[in-house]
Amino acid sequence: MTEKHTTQTNLLYLEDAYLQQTTANIVEVILDNKVRPDGSHSASLILDQTLFYPQGGGQPADQGTVEGPNGTFEVTHVSYNGGSVLHKGTLRGNLKAGDTVTLNLDWNRRYQHMQWHTLGHIVDQAVKNTVKDATSIDGNHGIGKKLSITFTTKISADQKQQIQQEVEKIIAQNVSTTTEMVTKDEMIKRGVKLPFDLPSNKPLRLLQIGKFPPMPDGGTHLRQTNEAWPVQVSDIQQDGENSLVYYTVENPESTKKSKGNKVSVADGQKAPLFISLTALRRQSTDIRAELSLDQSPVEELTTKYLGKKGKFNELAKEIRNVSPEDRKEAGQILNELKTALEQHIQKLKDSQNTTVPWTDLTAPGQPPKLGHMHPVSQAMEEVTRIFERIGFTRVRYPEVDWDHYVFEALNMPPDHPARDEWETFFIEAPIDQKFGKVVLTTHTSNGQVREMERLNSTPPIRMINIARCYRRQQDATHTQMFHQFEGLVVDKGITIQHLKGTLDYFAQEFYGPGTKSRIRPFHFQFTEPSFEVDFSCHICHGTGEVEQKDGKGEVQKTKCKFCKSGWHEVGGAGMVHPNVLKAGGIDPEEYTGFAFGWGVERTYTLKPGLNIDDIRLFYSGEMRFLEQF
Ligand code: PHE
């Protein structure tokens, strides 16, 4: 037991990537305030140590379960949060700080990631052995749809064969992977190539495959290449200055039985990595329901459902993807299914003698697959409802609009330097004498003057405009297409106090009671004065510190990991500039107004309990991510 209380999670997978089960102590349980109909909670856990890999370095997050004395937690996503690992998922029963829990890793899923990751390094090395001075900058080992390595060097598609041979050569040498913990200074001293800047205040992991140059890497890897599954350099493509080398990895277990019919497990959608008992039960019910509705002749039904290649056998194959401890129960599910199918077909045969068509009214119905709205659409609905309650009207304006509405009417004449802040996409279209060029809207502020015009320049105006926006930037916190919402209020006697009151109202409604807003001076061309808007952090309530009891029951203060400063910056606001009112035909002597606007995705990711670290996931089409909301 250490004396000092700390939330830094000890990362066990760094030492031993093959560890599948261990115990740990809960440091903190963060409950989402929503309880699901079945009584479960969506929650986040912080542990003193973990074997679950948090998503990063191109490797997806692990999954599995955490079992405590009075409850279990199903881990659906794991992320790294300023020194601590955050396990996100579903809590059934009760878990609390201080509980000793057992961590069970979903090993099939992890082992597949280890294959993808290690083989990625080998493909990388094979390219470097083949193409002189090749430099790689990024790797995708399972987060996107395809596995790939990005090189800043030109790699020609003609070299595919050669690279493949090199990959096989490396694997055949049966090299081992070794890791050690060293400081950044030590890495530099040893001449290690650092692909990006690394922190110098803590030991870092250095990975070495065989005798190849070592590199910093925090992922999980195979011990020896003799464990490697068959790998294929599948494609080489150019992406601007970069070259992408794609590879596929086959799980020999899942290809063996499908007789030469290759299943590429690099595509998570096609070949599930594992199957839970719930999924098995659901599929079993589906098959029973399908049979009960099937009108085919009885002889056909027998082959279709119970034949060698029938639906039952197809599902039974999945048993090898069930985790070992669940196999027994999976066996029972399959036995019950088989009996049910046999009985149903037998009854059909019996009833045929009487020639009266027979329907089994006791058969289970076919459960419709339930979907739900995309999380971003859910957020937009919620924002709309919140503002409608205080008299705002939701409007929609074009997302391909004239320069006039996006910039010029907002006090940004052509060539004004402030325009550079908006990384604009231009549309190839004739330039209009009055309205200028056609652009993709860079913000929802284009709605301001449009709304003034729609109301014939006659306040009161209380508008909420939610729309897609586009900017030329893409990284973990930006996508080229995103959503904003914009509020505009114009009337007689509108002041900053109205703005502040509206922001406070929104903060409480969207993030929960007690959330406060804060405005700081800033600059926008279309508002004067202008502000940046912050909301207080729901974890530390704006203090930047959280109190926790240490091992001895004494209260300790630590820095809040979610905000660092107590506040989250969300967007901009201000009092509508007189020139904007004039552009909308409104007399600034008579009327004043305020406006605010910011990103829907960003606002949503800050909701209590969500903590989404990469907003690109929203648009990845990754069902395992989207299904959680
Ligand atoms: N349109 C601004 C942006 O995209 C935000 C803003 C809206 C600022 C309304 C002030 C008033 O950054």
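The values are calculated or read from the model by the stated rules, or taken from the named source; none is laboratory data. Everything numeric here is computed off the predicted structure, so don't read it as measured data. Using ideal geometry, Cβ is built from the backbone for each residue, glycine included, and neighbour counts are taken over all protein chains shown. SASA here: full protein model, heavy atoms, side chains in, ligands and nucleic acids out. Shrake-Rupley method; radii C 1.70, N 1.55, O 1.52, S 1.80 Å.
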Accessible area expressed per residue, region 111-249, with surrounding protein chains retained (probe 1.4 Å, Å²) | 49
Roughly how tilted is helix 277-293, in degrees to the nearest 10 and between 0 and 90, from the longest Cα axis of the chain?
-> 80
138, 432, 415, reordered so the largest accessible area comes first (probe 1.4 Å) = 415, 138, 432
Binning at 5 Å from 0, report for region 459-545 what percent of all alpha-carbon pair distances ends up in each bin.
-> 3, 11, 15, 20, 22, 18, 9, 2, 0
Please work out how much accessible surface residue 212 shows to a 1.4 Å probe, ignoring ligands, DNA and RNA, in Å² rounded to 10.
-> 40
Cβ under 9 Å from residue 26's Cβ, residue 26 left aside: what net charge do those residues give with Lys, Arg +1 and Asp, Glu -1?
-> -2
Calculate how steeply helix 327-352 sits against the longest principal axis of the alpha-carbon atoms of the chain, using the helix alpha-carbon long axis, and give the answer as 0 to 90 degrees to the nearest 10.
-> 80
³J(HN,Hα) across region 430-438 via Karplus (A = 6.51, B = -1.76, C = 1.60, θ = phi - 60°), whole Hz, x for Gly/Pro?
-> x, 7, 8, 4, 8, 9, x, 7, 9
By the scheme Lys and Arg +1, Asp and Glu -1, what is the net charge of all other residues having a beta-carbon under 14 Å from that of residue 161?
-> -2
Using a 1.4 Å probe on heavy atoms of the protein chains only, the accessible area for residue 92 in Å², nearest 10, reads 110
In terms of the charge dipole of the chain, which places +1 on Lys and Arg and -1 on Asp and Glu at the beta carbon, the residue among 93, 456, 143 farthest towards the positive end is 93
Taking θ as phi - 60°, what are the ³J(HN,Hα) couplings along region 44-56 by the Karplus curve (6.51, -1.76, 1.60), each to the nearest whole Hz, with x for Gly and Pro?
-> 10, 10, 10, 10, 6, 8, 8, 10, 7, 7, x, 3, x
For the chain, convex hull volume per residue from C-alpha positions, Å³ = 221
Projected onto the charge dipole of region 293-370 (+1 at Lys/Arg Cβ, -1 at Asp/Glu Cβ, origin at the Cα centre), which of 332, 302, 315 gives the Cα projection farthest towards the positive end?
-> 315
Checked region 277-346 against the a/c 1.5 cut and the a/b vs b/c comparison, axes a ≥ b ≥ c from its Cα gyration tensor; verdict prolate
Solvent-accessible area, 1.4 Å probe, carbon plus sulfur percent, for region 10-104 = 47
With every protein chain left in place, what is the accessible area of residue 543 in Å² (1.4 Å probe, nearest 10)?
-> 90
Which of the lysines could be linked to residue 193 by a straight reach, that is with a Cα gap under 21 Å, when you skip same-chain ones fewer than 8 residues away?
-> 128, 132, 154, 184, 202, 211
Relative contact order of region 111-249, defined on C-alpha pairs under 8 angstrom at six or more residues apart (%) = 32
Find the Cα radius of gyration of region 121-162, compare it with 2.2 N^0.38 Å by division, and give the number to two decimals.
-> 1.13
With only alpha-carbon atoms counted, please give the Rg and Dmax of region 508-629, in Å.
-> 19.3, 68
Quick tally, 1.4 Å probe accessible area for 361, 45, sorted with the most first, runs 361, 45
Pop out the ³J(HN,Hα) list for region 498-508 in order, Karplus 6.51 cos²θ - 1.76 cosθ + 1.60 with θ = phi - 60°, rounded to Hz; leave Gly and Pro as x.
-> 5, 4, 4, x, 5, 5, 4, 4, 4, 4, 5
Kirkwood Rh over alpha-carbon pairs of region 89-165 plugged into Stokes-Einstein at 4 °C, 1.567 mPa s gives a D in µm²/s of 84
Are there cysteines in the chain with no second cysteine's Cβ under 4.7 Å away, and if so, which?
-> 469
Dipole of the chain, Cα-centred, from +1 at each Lys and Arg C-beta and -1 at each Asp and Glu C-beta, to the nearest 20 debye?
-> 1240
Of the cross-linked pairs 96/146; 145/564; 492/516; 96/311, which ones have a Cα-Cα span greater than 32 Å in the structure shown?
-> 96/146; 145/564; 96/311
Compactness of region 111-249 - radius of gyration and Dmax, Cα, Å = 14.6, 44
Hey, if we sort 416, 541, 372, 568 by accessible area with the 1.4 Å probe, largest down, what's the order?
-> 541, 372, 416, 568
Region 503-629: relative contact order as a whole-number percent, Cα under 8 Å and 6+ apart | 19
Can you spot the aspartates and glutamates whose alpha carbon is less than 16 Å from residue 369's alpha carbon? Ignore those fewer than 8 places along the same chain.
-> 286, 290, 627
Treating only Lys and Arg (+1) and Asp and Glu (-1) as charged, each at its beta carbon, one finds that region 277-346 has a dipole about its Cα centre, in Debye to the nearest 20, of 220
Normalising by the residue count of the chain, find the relative contact order in percent from Cα pairs under 8 Å and 6+ residues apart.
-> 9
Using the Cα centre as the reference, give the magnitude of the dipole from point charges on the C-beta atoms of region 111-249 (Lys, Arg: +1; Asp, Glu: -1; all else neutral), rounded to the nearest 20 debye.
-> 240
Using alpha-carbon coordinates alone, the radius of gyration and Dmax of region 10-104 in Å work out to 12.5, 40
